[in-house]
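Peer 1: The structure that follows is given in the form of structure tokens.
The values are calculated or read from the model by the stated rules, or taken from the named source; none is laboratory data. Predicted model, so just to flag it, every value in this text is computed and none were measured. Reconstructed Cβ throughout: ideal geometry from the backbone, glycine too, with neighbour counts over all protein chains shown.
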Amino acid sequence: MFTRKSLGGDRRRSLWLALVAAGTLAGVVASVAIAVGQDDDLRPLRPEEVPTPVYNRWIVPAVGVFRAYEWDDRALSSEAKAANPWYDTRWRPFGHCMADAGYEVRTDPGKPFSQRDLDEVVRLANAERPDRSANLRISTAGDVDGIAAAFLSCADQFLTIAYEDLGSRGLRYLNPGEIPEP
């Protein structure tokens, strides 16, 4: 049997459910009204419309500076590395490419291109392009000029050659202590 108390509880519950339903309906109506009033810019992009992210392996993404990696990663002190230097076989063609572009950085062109020379190229590129925000928008060498363009172009041509492709490019692996021709 129904009692007066149980009927009152059902009314309160029904009233509460009616308020929740009204609030939900109001939220849906408001969402639809907002969506209808917005531009068509929210439609999904087609693959050809998606912008290519700007990225260049020779620019540090977090800070916008040019970089060259420390190629001699042997667990030796700086003195030991200097006593038994390691030259990367890719540095010679890279150095010639830079010189051909008008940026000879070696103090003695009669000596092989070294890590120190590569670091100097990077230092000069960073000095030439101090606007780090602008550097983050560089995608290819065609986006810049000067030593930065030469560095990006030459680095992409020569410093990215995989070890397994050295032979096909007329290059060979150099052992630590082996000094290449300049």
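Peer 1: In this structure, is Ile138 in the same structural domain as Arg74 (by TED's automatic domain parsing), within 22 Å of Trp71 (Cα to Cα) and not in a helix (DSSP H, G or I)?
Peer 2: Criteria not met by Ile138.
Peer 1: In addition: Looking at (1) modelled with pLDDT of 95 or more; (2) under 20 Å from Ser78 (Cα atoms), find the lone condition where Ala127 falls short.
Peer 2: The number of the failed condition is (2).
Peer 1: Quick one: Asp39 ticks every box in (1) at pLDDT below 70; (2) assigned by TED's automatic domain parsing to the domain that holds Leu171; (3) not small (Gly, Ala, Ser) bar one, so which box is it?
Peer 2: (2)
Peer 1: Right, something else. Is it true that some residue in the stretch 85-98 is modelled with pLDDT of 95 or more, more than 24 Å from Tyr55 (Cβ to Cβ) and out of contact with any Leu (no Cβ under 9 Å at 6 or more places or on another chain)?
Peer 2: So far as the stretch 85-98 goes, yes, one or more of its residues are modelled with pLDDT of 95 or more, more than 24 Å from Tyr55 (Cβ to Cβ) and out of contact with any Leu (no Cβ under 9 Å at 6 or more places or on another chain).
Peer 1: Kindly list the number of the only condition in (1) exposed (fewer than 12 other Cβ atoms within 10 Å of the Cβ); (2) within 17 Å of Pro61 (Cα to Cα) that fails for Ala127.
Peer 2: Failing condition for Ala127: (2).
Peer 1: Moving on to the next point. Out of the residues in the stretch 61-80 meeting the condition of being among the hydroxyl-bearing types (Ser, Thr, Tyr) and in a loop (DSSP other than H, G, I, E, B), tell me which one is surrounded by the most Cβ atoms within 10 Å (Cβ to Cβ). Give the steps one after another, and end with the answer.
Peer 2: Here is the first cut: in the stretch 61-80, the ones among the hydroxyl-bearing types (Ser, Thr, Tyr) are 69, 77-78.
If we keep only those that are in a loop (DSSP other than H, G, I, E, B) as well, we get 69, 77.
Working: Tyr69: 12, Ser77: 9.
Of everything passing the filter in the stretch 61-80, Tyr69 is surrounded by the most Cβ atoms within 10 Å (Cβ to Cβ).
Peer 1: Search the stretch 155-170 for residues that are more than 14 Å from Ala68 (Cα to Cα) and in the same structural domain as Arg90 (by TED's automatic domain parsing) and pair each with any residue that is of a type in the set (Phe, Trp, Tyr) and surrounded by fewer than 15 Cβ atoms within 10 Å (Cβ to Cβ) when their beta-carbon atoms are under 7 Å apart and the residues are at least 6 apart or on different chains.
Peer 2: Final answer for the pair search is Tyr163/Tyr173; Leu166/Tyr173.
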